[in-house]
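Enquirer: Provided herewith is a single structure, encoded as structure tokens, for subsequent inquiry.
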Amino acid sequence: MNCRSFRRHLLIDPRHLDASLRDHAARCSFCAQALERALAFERRLADAVQQEYGQVAGGERLDGADHDPGHNPSHDQRSV
């Protein structure tokens, strides 16, 4: 594992590291810092999405809107 490969993986999915990636981060302080920054960004992004769109829990949206996972809006009839 080298730093370039490690950082490339951080761009793809910093939350899921295999053993070789975790080992590299443990040995390389620069990549460990890059990992911490990437994970902090992912947390901020998730928080922003949560604040903007709410959470879907058990098919019920926290904002009170109806949510039907089987509903396909393309099958709605439109009045003309």
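The values are calculated or read from the model by the stated rules, or taken from the named source; none is laboratory data. Fair warning: this is a prediction, and the values are worked out from it, not measured in the lab. Note that we place each Cβ from the backbone using ideal geometry, even for glycine, and neighbour counts take in every protein chain shown.
Enquirer: Quick one: count up the residues across segment 3-14 that are within 19 Å of the chain's Cα centre (by Cα) and surrounded by 10 or more Cβ atoms within 10 Å (Cβ to Cβ).
Expert: Adding up the residues that qualify gives 7.
Enquirer: So, one more: Might you check whether a residue that is closer than 15 Å to M1 by Cβ and among the aliphatic types (A, V, I, L, M) occurs anywhere in segment 35-48?
Expert: yes
The rows are residues; the columns are (1) in a helix (DSSP H, G or I); (2) at pLDDT below 55; (3) in contact with a Lys or Arg (Cβ under 8 Å, 6 or more places away or on another chain).
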residue: F30; (1), (2), (3): yes, no, no
residue: L39; (1), (2), (3): yes, no, yes
residue: A46; (1), (2), (3): yes, no, no
residue: E52; (1), (2), (3): yes, no, no
residue: H67; (1), (2), (3): no, yes, yes
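Enquirer: Follow-up. Would you be able to tell me the number of residues in segment 3-19 that are part of a loop (DSSP other than H, G, I, E, B) and among the hydrophobic types (A, V, I, L, M, F, W, C)?
Expert: Step one: list which residues in segment 3-19 are part of a loop (DSSP other than H, G, I, E, B), which gives 13-18.
Checking which are among the hydrophobic types (A, V, I, L, M, F, W, C) leaves us with 17.
Number of matching residues: 1.
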